[in-house]
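These notes concern the structure reproduced below.
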Amino acid sequence: MEIKGIEDIKFDSAALVPAVAQDVDTGEVLMMAYMDREAIEKSISTGKAHYYSRSRKSLWLKGETSGNFQDVRAMYYDCDGDTILLMVKPMGPACHTGNRTCFYRTLGGYSHERGAGPAILKELFRILKERRNTPPEKSYVSSLYSKGVAGILEKVREESGEFIEAAEKKGDKDIIHELTDLWFHTLVLLSYKGMEIEDVFKEFMRRFGTSGIEEKMSRGKKGD
C-alpha cells in the first residue's frame, strides 16, 4: 500500500514508532501505543485504529474485544518523523481500566481543572442524556423532559430574555451567568430531540471561514 509521507517516518530498531491517540472533538489525549508499518496501513485502509503490541508481538485492532473502537479521522507525524498523532473518534473508553483516557493519574501533584471548551460541553451533554431515565421529581433535567418541547422552549425563551437583559443593563459576570443558563437549556432541547452535540461542532466547522453573505446564499436566502 502506497502511503504519502511514510518515507519520512523514522521507525526504531524494532520497526516501531510511538503513536498518540487524541479525541478529535475535545482534544483530550487518550492513549499512547506503538505502530509498525502494517498498523499504519490498516488504520488508513479500514478507518479503525490499529496498533502493534510489543508484549504479544502482533498487530491489534483497538476495540476488537472490548468494542471500544477508535474511528480514525486524521493522522499526522511530527517534525522529526519519530512520533505519530492519530485524531480519533472514540467509541468508548480508551483505557483497559474503564477510564476514558489512559492519562487519568497525576504525577507530582500537578493537575488541571476539568476539561474546558468542547470537553466540558460533551461531558455535560452525556449527563443530560443519562437523565432521560431519572424520575422527574429527582432531577431538574428530567422534570424539563417531562414537559416536552413546549416546556423546554418556555425555559429557553425565559433564559434568552434574561441574557438580553444582562447584556443591556448588567456587568460581565451576569452576562456569563445568563449565557451559561441559556446554553444549558438549549442543550437540554437538543438532548430531548435525540440530537448530538457533535452535530453543532460540525456545523461550526462547516461555517468556519465562510462569510455571513456566503452562508445566507448557501441556504437560499438574500444577503443583507
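Go over the candidates ARG157, ARG105 one by one and state the one that is outside the structural domain of MET31 (by TED's automatic domain parsing) and under 30 Å from PRO90 (Cα atoms).
ARG105
Inside the range 10-28, can you point out the residues that are at pLDDT 90 or above, buried (at least 18 other Cβ atoms within 10 Å of the Cβ) and aliphatic (A, V, I, L, M)?
VAL17, ALA19, ALA21
For (1) hydrophobic (A, V, I, L, M, F, W, C); (2) loosely packed, with under 13 Cβ neighbours inside 10 Å; (3) without any contact (Cβ under 8 Å) to a residue 12 or more places away in the chain, each residue gets a yes or a no:
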residue	(1), (2), (3)
GLY5	no, yes, no
MET32	yes, no, no
GLU38	no, no, no
HIS50	no, no, no
LEU61	yes, no, no
GLY67	no, yes, no
TYR76	no, yes, yes
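Cβ-Cβ distance below 7 Å, separation of 6 or more or different chains: which pairs start in the range 120-134 with a residue that is more than 13 Å from GLU196 (Cα to Cα) and end on one that is in a loop (DSSP other than H, G, I, E, B)?
ILE120/ARG114; ARG131/SER139
Name the residues in the range 176-191 that are under 19 Å from the mean Cα position of the chain (by Cα) and either at pLDDT below 95 or of a type in the set (S, T, N, Q) (or both), would you?
Result: THR186, SER191.
With GLY194, GLY161, GLY171 as the choices, which residue is modelled with pLDDT of 95 or more, closer than 27 Å to ARG131 by Cα and out of contact with any His (no Cβ under 7 Å at 6 or more places or on another chain)?
GLY161
Give me a count of the residues in the range 184-203 that are without any contact (Cβ under 8 Å) to a residue 24 or more places away in the chain, hydrophobic (A, V, I, L, M, F, W, C) and in a helix (DSSP H, G or I).
1
The values are calculated or read from the model by the stated rules, or taken from the named source; none is laboratory data. This structure is a prediction, so every number in the text was calculated from the model and none was measured. Backbone-built Cβ (ideal geometry, glycine too); neighbour counts: all protein chains shown.
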